[in-house]
Structures are given as C-alpha cells and as structure tokens.
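Trainee: Pasting in a structure now, in structure tokens, and then I'll have a few things to ask.
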Amino acid sequence: MTAMSLSLGTSPSANLTRYLQDIRKFPMLKADEEYMLAQRWRQHGDDSAAHALVTSHLRLVAKIAMGYRGYGLPVGELISEGNVGMIQAVRRFDPEKGFRLATYAMWWIRAAIQEYILHSWSLVKMGTTAAQKKLFFNLRKLKGQMQAIDDGDMPPETVTAIAERLNVSEEEVVNMNRRLASPDHSLNASLREDGDGEWQDWLVDDSEDQESQLGRNQELTERRSLLKDAMELLSDRERHIFEERRLRETPSTLEDLSREYGISRERVRQIEVRAFEKVQKAMRNAALRPRLAAQPA
C-alpha cells in the first residue's frame, strides 16, 4: 500500500471543500465487511482491501483533524497528516483482537496530527517534556472550561489553576498562552474565495450521534449473543475457567483455580487458552455465516 494511493482526484490541501464532499462518497463498512477486508490485507497483501479500509475511514480522519484547527495550521495539512496515521493503522490492524478499526485507528490519527503540529510549532525550542506537550494540547480546552477565552493574558488565578491541573509552572502556562494567541476567525468565514461553504459547516460535535450510538449498542448486543452461544460449546470446567479468567473484572489467579480443581497452574492455563480458542473460532464462524450465505453460489 503506497503512502497515498487513494485516487480521490483532489487532496485536502488543494481543495478542502471538494475533498470533504468527495470522501462522503466512500461507504461505511459493516463489521463483517471490515473483518474480511482486514484479513485479505493481512494474509494476502491485497492493496484493494487496504484501500477500502482507509477510504471508509477518511471522514473519521477529517472529524479528528477539525478538532485541531485552532493551532493556526491549514486544516487540509492536518487532514493529510491524519490520513498518513490512518494508513499506518491499517498496516498494523489485527481484526482478531476483537476491536473495530475505528477504535484502533483513532490513536494513530491523533498521534500523526499531534506530531505534525509539534514539529510545525517548533516546540523543541520550548521543551518537549510530557507535561509541556500536555499543556500544548490542553490549554485551549481548559481555558474554555474556565470561561477564560478572551485574548490576552489570563488572570493570575486562572494561570495558577491550569498550572496545578497540568503539573507545570505558571511561567510555562503564561508563555504557552501567549504563543498560542492568534486572532479569532468568524465561523461564517468562507472556506473558499467563491463563498462556497463556511467553517461552521464543519464544526465537530464531540457528542455521539444517535446513529453511531444505535450501531454501537447493536454491535455490543450481537457480540454478547455470539459469546453466549459460543460458550455453550465448552465443558463445565472450561466454561468456569474461561469466565473466571477472561470475563471477570478482577480475574481469578491460576493459583486459585489450580487449588479449586486440584490440577497444576500450567494445566489451568492450557484449559483457559483452549477455551478461548474455541470461543473465538465459534464467534468468528457465527459472524461470517450470514455473509457467506448471501454470496452467490
């Protein structure tokens, strides 16, 4: 998979409005479709499968990138860096872990964007400790929470509160605030010179929309049902060990279970692994069955 073989006909840096319209054309993937594509990429190096995984998540990249638009950098460049992070996520994604790609990719997308911002702002001149990076990316949010969003220096009590929250010196807070200070732009400002589209059209709503929440709840219900059915294939001892080791908030130790069953800890571990493999295989087969049944003979 090449660095950017998405063939969108445009890039976010060249024409942001057109790009945001174009990426809406890529369909969202269902869980079983995502799993099959990820397996094709991992097992066979299928570039078309990787392409489908990346393009189906370009809207996610754009949404995350919009959340970083307050650092004075072109949004198109932030999206481009986020796309690189998305590609890295697809390269490393393992569908067998049981997570959706979006959950895994969010970390890679944010990491790529944040690294680009830090590099562009030359934060190395101000220090690159974990606390200073935390200050860089959280100062605006904390100011908003404290209703300290006006231009200029913050009141001393606000500076003190932020310094304590982020474990940095008050001087660092003041310096960072001055460095980040930039004139506000109207939300009604046009994205393009011809007036097509405004910035407020692309504001990020951090709350989960009803469609996403419904989809997540349906997926969780389906997973629970698959797990329940899969566990019926286990013996009583396998089921109990699996539940104690994999499903409890505080798992039982191998030592506890070995005393309970009068077997060695290694034997308990072997039973746990075998039970997990049985459940994993049964859930995977059950999830793929509807898709295979829908394929033409």
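Trainee: What net charge do the residues around ARG91 carry, taking every other residue with its C-beta under 14 Å from that of ARG91, with Lys and Arg at +1 and Asp and Glu at -1?
Mentor: Net charge around ARG91: 0.
Trainee: With the Cα gyration tensor of the range 55-98 giving a ≥ b ≥ c as the square roots of its eigenvalues, does the rule (a/c under 1.5 for rounded; else a/b larger than b/c for prolate; else oblate) give rounded, prolate or oblate?
Mentor: Because a/c hits 1.5 or more and a/b exceeds b/c, the range 55-98 counts as prolate.
Trainee: Can you work out the Karplus-derived ³J(HN,Hα) for every residue in the range 256-269? Use 6.51 cos²θ - 1.76 cosθ + 1.60 with θ = phi - 60°, whole Hz, and x for glycine or proline.
Mentor: Each residue's phi maps through the Karplus curve to give 4, 6, 5, 5, 5, 9, x, 10, 6, 5, 5, 5, 4, 4 Hz.
Trainee: Apply the Karplus curve 6.51 cos²θ - 1.76 cosθ + 1.60, θ = phi - 60°, to the phi angles in the range 110-117 and return the couplings in whole Hz, x for Gly and Pro.
Mentor: In residue order, the calculated couplings are 4, 4, 5, 5, 5, 4, 5, 5 Hz.
Trainee: Take the residue pairs LYS30/LYS278; LYS30/LYS63; LYS30/LYS281; LYS25/LYS228; LYS25/LYS134 and return only those whose Cα atoms are more than 28 Å apart.
Mentor: The answer is LYS25/LYS228; LYS25/LYS134.
Trainee: Can you tell me the relative contact order of the range 10-62? Whole percent, Cα pairs under 8 Å, sequence separation 6 or more.
Mentor: 37
Trainee: What list of ³J(HN,Hα) couplings, whole Hz, do you get for the range 66-71 from phi and the Karplus terms 6.51, -1.76, 1.60, once you set θ to phi - 60° and write x for glycine and proline?
Mentor: With coefficients 6.51, -1.76 and 1.60, one gets 4, x, 10, 6, x, 9 Hz.
Trainee: Contact order normalised by length for the range 210-292, with contacts defined as Cα pairs under 8 Å and 6 or more residues apart; what percent is it?
Mentor: 35 percent.
Trainee: I've got another one for you. When Lys and Arg each count +1 and Asp and Glu each count -1, what net charge do the other residues less than 15 Å away from ARG267, Cβ to Cβ, add up to?
Mentor: Result for the neighbourhood of ARG267: -1.
Trainee: Along each of its three principal axes, how wide is the spread of alpha-carbon positions in the range 16-120, in whole angstrom units, largest first?
Mentor: Dimensions of the range 16-120 along the principal axes of its Cα atoms: 41, 27, 20 Å.
Values quoted throughout were computed directly from the atomic coordinates according to the rules given, and no laboratory measurement underlies them. Just so we're clear, the structure is a prediction, and the values are computed from it rather than from any experiment. For neighbour counting, all protein chains shown are included, and Cβ atoms are generated from backbone atoms with ideal geometry for every residue, glycine included.
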